[in-house]
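Report on one structure; see the data block that follows.
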Amino acid sequence: MNPFTKLTAVAAPLELDNVDTDKLIPNRFFRKARGNGLQRYLLHDIRFDAGGNERPDFVLNQEPYRKAQILVSGANFGCGSSREAAVYVVLDYGIRTVIAPSFGDIYFGNMLQNGMLPVVLAAENCAALRAQLRANPGAQITVDLEAQSVTGPDGTAYRFEIDAGPRGRLLQGLDDVGLVLQHLPEIEAFEARYRSEYPWRA
Amino acid sequence: MMAARTLFEKIWQRHVIVSRGADEALLAVDSHFVAEGSFHAFGALAKDGRRVRKPRQVFGSPDHFVPTLGREQGLAGMGDAESRGLIEYLAHNAREYGFDHFGIDDARQGILHVIGPELGISQPGLMITCGDSHTSTHGAVGAFALGIGASQNKQVLATQCLWQKRPKTMRIGVEGALGPCVTAKDVILAIIAKIGVSGAVGHVIEYAGGVLRAMTMEERMTVCNMSIEAGARSGMVAPDDTTFAYLHGRPYAPQGGHWEEALAYWRTLPSDAGAKFDREVTLDASALEPMVTWGTLPEHAIAVTGSVPDPACASSADERAQWDEAIRYIGLAPGTPLAGIEIDRVFIGSCTNGRIEDLRAAAAVLRGGKAAIRAWVSPGSTTVKRQAEAEGLDRVFREAGCEWRAAGCSSCVAMNGDGVGAGERCASTSNRNFEGRQGKGSRTHLMSPAMAAAAALTGRITDVRKLAS
Ligand code: SF4
């Protein structure tokens, strides 16, 4: 997993509350694998019309925002099912961090599992950031995980909170597999003992 | 002296490799199940350049996307290239990493939660994982069986370990004697109706009491299966002689001298007298009647003798809004008696009620009769299908005008195309009656296999007890 330390990138304003997992990737694309253009299905039914053509009024279909690596959204981003495809589709589009007043519980955890940074800022701060991004298409935001700060296009910095555990894992780029394998000696000792105590499981 | 411990605590402690903080632990996973829906986990594993660490402890079979027609042709019979690709990808991963795989044309293929116990892979005292929310089914043998997400699925494949927050414990004691035609499905629907769909959030349930002790293994599986529908992390039943007799001689069960060793350990697992649970709930089973859901949540279950409730009688504003919405979707007026509601379709199968005893119960009702509406039966595994055919149950179903399908998840979730049409009402033995669960616009009424068979005969929701007399 790539470490997340500091990201300065184009940000896109998403003027929507309750962007649920079914909006992020509609159910019918459940069988699509990654690495094969999964990002095409991000917010599919909002980005494209029934004929599969881009809706020009949607933010990610407008030129400077297409390259966005940061989303600033309304409340309750990622509510809905536990399906991780809804995280993959955002990440594969190239977005590494989402800033929102709140997130779906499971989605928040799934983002962290996949090396993405969910940033919770007060609703009025999110709204202020979105207004600046709308006024200056292509403007950049800086998200600094080390300093736990978000700096908007106008230079205003906002502090955000994140638990020490996930923060450390993101900074080091350790996913849960990496974290588990740090304990390999204990795991192997456990397994040897287990096999001797439960020989039918050997 | 050691403090009295619950079944769950014994299994948990047995599997802790290291602890993190007060209530988180790295647990050793004994057996991990994968289906074709695990493709994201395998994709991520390959992308990270990792391999399956303990292939002997991983078991796979396709279930969600397999067709239930034309299966004699195996993969070649699959018209849908995307679904076929997922099934091929699972087979490819089995070859690549060397884990046991019961493929689309294997005699042992089936829904993972049916074949785990059936093959003797699921055993007492084990820690079992699978990327599916109904993994709790395996807890019926006295295991801690946990449904997990895609990242955790990858984590288990890569390490055979899993970080877990320790759940709380809840004991649900079911006492009394079940009345005629009242089944395990009715017991679990009654439990969910009582405690609600979030009644057990954060808990592992141990189902106990005289009714559970008297149940067969397959009945206990039906109960444990729906633990997630009450929000529980998992469900389990203490192993006893019924468990041991069920497992004895199954292909993956301990053999020879190992059997006695395993048995001695398994007998130590049941909760100690005086063990403390975080919560206790009791249910008097003697008052139960056959249950049917009227709405769009499993907790919307009432006796078949009841009527669709009036949202005005809901206990809170939130519940009232939820009932209003459920009633709108399901298309029934408050006060409508459940018995007599017209049904369009019947589905008998799934990991809840797709086992041989379920098929026997449905066939007993259908024998000699004729289905009034379209009804189909999809056994939970190919082994169950063969067994049913050996007993002549397939003939009973066919003669009653039911379709005898191949094994898989089928209409429980309709991912393979076995959908229920928009606006159609289905009497189903599965576990979820959510909006659109059986297909866009489908309306689901959950019930037991005998009740579903009765609905097939009359084309209406029917109290099977009246049919029998
Ligand atoms: S039968 Fe239904 S509930 Fe069971 S595993 Fe399949 S889709 Fe899930």
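Of (1) more than 16 Å from the ligand (Cβ to nearest atom); (2) closer than 20 Å to B:Ile128 by Cα; (3) outside any helix (DSSP H, G or I), B:Gly79 satisfies all except one. Which? Condition not satisfied by B:Gly79: (2). Of the residues making up region B:106-133, just one is within 14 Å of the ligand (Cβ to nearest atom), among the aliphatic types (A, V, I, L, M) and farther than 25 Å from B:Asp241 by Cα, namely B:Ile111. Among the conditions (1) aliphatic (A, V, I, L, M); (2) surrounded by fewer than 21 Cβ atoms within 10 Å (Cβ to Cβ); (3) within 13 Å of the ligand (Cβ to nearest atom), the only one that B:Val384 does not satisfy is (2).
Of everything listed in (1) buried (at least 18 other Cβ atoms within 10 Å of the Cβ); (2) more than 14 Å from the ligand (Cβ to nearest atom); (3) part of a loop (DSSP other than H, G, I, E, B), the single unmet condition for B:Phe397 is (3).
So that you can scan it fast, the table gives a plain yes or no per residue for (1) modelled with pLDDT under 95; (2) under 30 Å from B:Leu359 (Cβ atoms); (3) within 11 Å of another protein chain (Cβ to nearest Cβ):
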position	(1), (2), (3)
B:Phe102	no, yes, no
B:Leu126	no, yes, yes
B:Gly131	yes, yes, yes
B:Gly176	no, yes, no
B:Gly179	no, yes, no
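Going by the conditions given, is B:Phe99 aromatic (Phe, Trp, Tyr) and within 16 Å of the ligand (Cβ to nearest atom)? Answer is no for this residue. If the condition is being more than 25 Å from A:Pro137 (Cα to Cα), exposed (fewer than 13 other Cβ atoms within 10 Å of the Cβ) and of a type outside the set (D, E, K, R), then region A:148-167 contributes only A:Ala164. So which residues in region B:213-255 are part of a loop (DSSP other than H, G, I, E, B) and either modelled with pLDDT under 95 or within 16 Å of the ligand (Cβ to nearest atom) (or both), if there are any at all? Correct list: B:Gly231, B:Ala232, B:Arg233. Could you run through region A:4-33 and say how many residues are among the basic types (Lys, Arg), more than 12 Å from chain B (Cβ to nearest Cβ) and surrounded by fewer than 18 Cβ atoms within 10 Å (Cβ to Cβ)? Of the residues in region A:4-33, 1 are among the basic types (Lys, Arg), more than 12 Å from chain B (Cβ to nearest Cβ) and surrounded by fewer than 18 Cβ atoms within 10 Å (Cβ to Cβ).
Of all residues in region B:332-355, those that are within 10 Å of the ligand (Cβ to nearest atom) have Cβ atoms under 9 Å from Cβ atoms of residues that are of a type in the set (Phe, Trp, Tyr) and in a strand (DSSP E or B), 6 or more apart or on another chain, in B:Gly349/B:Trp376.
Condition first: within 14 Å of another protein chain (Cβ to nearest Cβ), of a type outside the set (A, V, I, L, M) and either crowded, with 24+ Cβ neighbours inside 10 Å or more than 16 Å from the ligand (Cβ to nearest atom) (or both). Can you find one or more residues in region B:187-209 that meet it? Yes, region B:187-209 contains at least one residue that is within 14 Å of another protein chain (Cβ to nearest Cβ), of a type outside the set (A, V, I, L, M) and either crowded, with 24+ Cβ neighbours inside 10 Å or more than 16 Å from the ligand (Cβ to nearest atom) (or both).
Per-residue answers, yes or no, for (1) within 14 Å of the ligand (Cβ to nearest atom); (2) at pLDDT 95 or above:
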residue: B:Glu403; (1), (2): no, yes
residue: B:Ala406; (1), (2): yes, yes
residue: B:Ala414; (1), (2): yes, no
residue: B:Gly419; (1), (2): yes, no
residue: B:Arg425; (1), (2): no, yes
residue: B:Leu446; (1), (2): yes, yes
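The residue pairs whose first member lies in region B:51-62 and is touching a residue at least 12 places away in the same chain (Cβ under 8 Å), whose second member is of a type in the set (Asp, Glu) and surrounded by 19 or more Cβ atoms within 10 Å (Cβ to Cβ), and whose beta carbons are closer than 6 Å, counting only pairs six or more residues apart or on different chains, are B:Pro62/B:Glu36.
The values are calculated or read from the model by the stated rules, or taken from the named source; none is laboratory data. Quantities reported herein were computed from a predicted structural model and do not represent experimental measurements. In this analysis, Cβ positions are derived from the backbone assuming ideal geometry, glycine residues included, and neighbour counts consider all displayed protein chains.
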